[in-house]
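Since the structure comes first, as structure tokens, the remarks are kept for the end.
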Amino acid sequence: MSKLLARNGLDLEARDECLVVCGVVGFEHAAELADAGSRWLARRQAGEAVSFDLRGVTGVSSAALTVLLEWARAARRAGLTLERVRLSAALLRLTDLAGLERLLPVESVRG
């Protein structure tokens, strides 16, 4: 496990092949969060499978979706396979409303 970012109740960690986000993803830290995750993705070997785990995200806003889409693009640029995206129930609802569930391998995790 490696801590990639910690800002005012927002944490980004890399656990094996997964980026894990916990806390409130707001616009004040979205660019920094997207950059930290994108840098980690760029260091992976082409062909590797990666996952994103946002089940710990609270205070849902469209900023979290922006970060998620940027990471998906970064994974594609790096030649990685995005295996699974795990979302909190609130983020899952927002993703459904935005129609993004068709673009991402979203795993429905409710709880």
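Exactly one residue out of 69, 33 is without any contact (Cβ under 8 Å) to a residue 60 or more places away in the chain, part of a helix (DSSP H, G or I), open to solvent by 10 Å² or more (accessible area, probe 1.4 Å) and under 17 Å from residue 91 (Cα atoms), and it is 69. Scanning the stretch 93-110 for residues that are open to solvent by 10 Å² or more (accessible area, probe 1.4 Å) and either assigned to a helix (DSSP H, G or I) or charged (D, E, K, R) (or both) turns up 93, 94, 96, 97, 98, 100, 101, 102, 107, 110. Any chance the stretch 35-50 includes a residue that's within 10 Å of the chain's Cα centre (by Cα), farther than 16 Å from residue 107 by Cβ and of a type in the set (A, V, I, L, M, F, W, C)? Within the stretch 35-50 (the criterion being within 10 Å of the chain's Cα centre (by Cα), farther than 16 Å from residue 107 by Cβ and of a type in the set (A, V, I, L, M, F, W, C)), the answer is no, since none of the residues qualifies.
The values are calculated or read from the model by the stated rules, or taken from the named source; none is laboratory data. Keep in mind that what you see is a predicted model, and the values were worked out from it rather than measured. Counting neighbours? That spans all protein chains shown, and the Cβs are built from the backbone with ideal geometry, glycine included. When the accessible area is computed, the model is the full protein with side chains, heavy atoms only, and any ligands, DNA or RNA have been set aside. Shrake-Rupley method; radii C 1.70, N 1.55, O 1.52, S 1.80 Å.
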